[in-house]
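Here the structure comes first, spelled out in structure tokens, and everything after it is commentary.
The values are calculated or read from the model by the stated rules, or taken from the named source; none is laboratory data. Not measured: the values here are computed from a predicted model. Here the Cβ positions follow ideal geometry from the backbone for every residue, glycine too, while neighbour counts run over all protein chains shown. These accessible areas exclude ligands, DNA and RNA; they are computed on the full protein's heavy atoms, side chains included. Shrake-Rupley method; radii C 1.70, N 1.55, O 1.52, S 1.80 Å.
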Amino acid sequence: MSSNGCCKYSCKTASETLEWINAIVDFIRPYSFLTDAHVVNFFKDRMWEAIDKEWMDCLRKEAVENLLQIPGGVVQDHWPASLKKFIVTLSSLVLNRQQQDLQTVLPGMNMTSLNSVLSTGMNWKKKHEVEVLSAVVDSIANSVGANAIIDVGSGQGYLAQVLSFHYQHAVVAIDACSHHGRVTDARAEQIKKYYAAQMRKSVSGNRSLTVPKTVTCNVMSIDMLKALADTPLHNDNVSLLQSSCNADNGSSLVLAGLHACGDLSVTMLKTFMECEEVKAVVSVGCCYNLLSEEGFNHVGSQCGFPMSCGVKSAGISLGKSSRDLACQSAERWKCLENDAGLHNFELHAFRAAFQMVLRVYYPEVMSTSPSIGRQGKALRRRQQRVVRNSSLHHKENKCSLSEINSHMTGSCSHKKSTELETDDSFDVLETTSITNENSSNKATKCERSEIIGNYPLFQKYCLSGLCRLGLEPLKETDIHGIWKQVESFAELIGPYWSLRAAFGPLLETFLLLDRLLFLQEQGSSIEAVMLPIFNPALSPRNVAIIAKKLTQM
């Protein structure tokens with residue numbers, strides 16, 4: 001087997017970035033049938049028939065572990081030459097996500113491990129992200145002589161508090177959730193007590209502590225974010241900052257965002273360009289599925305994609321399915337164990353077969369794009385625990401269907417939704433357990449490998465889905481008949497999804513390059529770079545766009 005090499009494109013200049021963008025556009029155009037697909041319609045639309053038959057004949061027999069490597073650009077020697085060329089070419093267009101040596105890129109950066117007080121409540125992923133990003137933001141803020149940092153989409157204030165207490169910056173923490181603001185303030189008070197006690201023991205006992213100011217608001221526009229620059233920052237009733245977006249007061253702000261969702265990351269970049277007082281921006285985006293897109297769902301002149309004139313001139317649109325797909329992570333696919341991968345492929349097959357049930361017996365529901373909920377990461381963690389527990393307690397790897405189902409599922413809730421939901425690793429729909437004393441689905445001993453394609457589990461899935469949609473099973477509903485129609489094609493959904501997911505890193509690269517080019521198009525007064533700053537295995541959305549103003553604009 002072999003994997004893709006480094007990306008052969010560069011984005012150091014606007015012309016290089018545009019060349020890369022155009023290469024991506026040329027590559028993805030012929031595959032819109034794959035990137036735009038709704039996999040819930042896999043059986044209904046016989047989607048596998050759109051894929052090269054030689055590819056599907058090969059991949060349907062492929063080991064799951066090899067399928068899970070496809071989004072990462074790994075090919076097998078025995079595959080058809082055309083399939084290998086497709087994956088290798090696609091991978092050559094993807095940004096290398098390996099974490100950069102930040103000490104080399106930002107020589108003045110001073111990154112230290114967070115103490116137990118600052119890291120309280122953080123999991124390993126969040127701790128890694130906050131440690132790295134706070135050091136990057138500190139370096140950038142120092143380089144532009146910032147008076148203050150605005151943490152956009154601050155959540156529970158982890159980044160803001162590290163920048164305040166550890167790096168001693170004045171910080172405004174903005175989040176739309178008032179609960180997050182209260183948590184941030186309460187947490188800051190606890191941290192403040194610790195640092196106050198430490199200061200009393202040292203010679204710096206008279207120094208005042210810098211505590212982040214929290215602001216609860218939903219940043220809906222550039223003007224709103226610009227207006228926040230006019231908000232005084234108080235600490236112990238002492239004003240540390242009073243700035244506005246004009247050229248006279250000499251204030252210097254940095255915008256920082258750790259996974260600011262959807263359009264919020266875009267708004268940060270546009271505010272950086274339009275507000276004189278914002279001297280730098282450090283943005284790590286996420287949730288591309290929530291981006292507004294020109295020609296689809298934008299309101300007025302503002303939209304999240306495209307940003308750059310170069311991409312606008314290319315005349316390509318993505319749509320929600322492609323933007324959903326941009327959230328797929330090759331690293332997450334690589335890290336999945338075979339059993340977890342099989343379970344995810346199985347859930348896709350079940351959901352697509354359930355769509356057939358709805359189409360035949362509940363056609364009125366189809367017009368609402370029904371969602372039956374999702375559990376995403378939590379579901380996969382439970383699946384992996386089941387596999388581990390099964391290995392420990394059943395040396396022959398035998399388990400009951402009811403045991404697997406009970407771990408895979410949650411409680412039933414009646415709800416309807418008009419929007420399909422997605423996850424950043426797989427488009428997984430939540431299954432729920434239904435208590436039905438009259439059900440013929442009794443617990444039976446089975447090999448775990450036989451669960452894939454097992455009708456009794458699919459029947460439970462259907463009953464669960466109908467329950468979530470508030471629907472009663474009809475007497476004439478022939479769930480078994482539907483399953484028999486699609487069962488022989490169920491094994492094709494794994495290869496199909498793996499090929500489709502390979503576009504995820506490419507589409508994310510495309511969206512990020514659009515943002516970078518937007519900044520580069522502003523001319524030599526802006527210095528902009530795109531850096532993978534996190535370990536991608538821990539944090540798949542690991543690319544930061546960092547920009548500074550070099551001269552007065």
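Residue by residue, what Karplus-based ³J(HN,Hα) values in Hz, rounded to whole numbers, does region 525-537 have, using 6.51, -1.76 and 1.60 with θ = phi - 60° and x for Gly and Pro?
The phi angles translate into 6, 10, 10, 9, 9, 10, 10, x, 9, 10, 5, x, 5 Hz.
If you count only protein heavy atoms and use a 1.4 Å probe, how large is the accessible surface of LEU67, to the nearest 10 Å²?
10 Å²
VAL266: net charge of surrounding residues, Cβ under 10 Å, Lys/Arg +1, Asp/Glu -1, itself excluded?
After counting each charged neighbour, the total is 0.
For a quick protection proxy, order the peptides 528-537, 492-501, 176-185, 338-347 by their average other-Cβ count within 10 Å, most packed first.
492-501, 338-347, 528-537, 176-185
How much accessible area does TYR194 have with a 1.4 Å probe, in Å² rounded to the nearest 10?
Taking all protein chains as shown, TYR194 has close to 80 Å².
So with the 1.4 Å probe, I'd like the accessible area per residue for region 311-363, rounded to whole Å².
Accessible surface, normalised per residue, equals 29 Å².
With labels modelled as points extended 7 Å from the Cα through the Cβ direction, what inter-label distance (nm, one decimal) is found for THR216 paired with SER113?
3.7 nm
Quick one: if the Förster radius is 35 Å, what FRET efficiency do ASN142 and ARG60 give, using the C-beta to C-beta distance and rounding to 0.05?
Taking R0 as 35 Å, the efficiency between ASN142 and ARG60 is 0.05.
Given a 1.4 angstrom probe, I'd like the percentage of the accessible area of region 1-107 that is carbon and sulfur, rounded to a whole number.
Accessible surface attributable to carbon and sulfur in region 1-107 totals 50 percent.
With every protein chain left in place, what is the accessible area per residue of region 103-233 in square angstrom, probe 1.4 Å?
Ligands and nucleic acids excluded, the figure is 45 Å² per residue.
At a 1.4 Å probe, what is the % contribution of carbon and sulfur to the accessible area of region 465-539?
Carbon-and-sulfur percentage of accessible area, whole number: 50.
Using a 1.4 angstrom probe on heavy atoms only, work out the carbon and sulfur share of the accessible area of region 309-362 in %.
Solvent-exposed carbon and sulfur of region 309-362 make up 48 percent of the total.
Label-point separation (nm) for GLN98 and ASN22, each offset 7 Å from Cα along Cα-to-Cβ?
It works out to 2.9 nm between the two label points.
For SER208 and SER525, what does the FRET efficiency come to when R0 = 35 Å and r is the distance between their Cβ atoms, rounded to the nearest 0.05?
0.45
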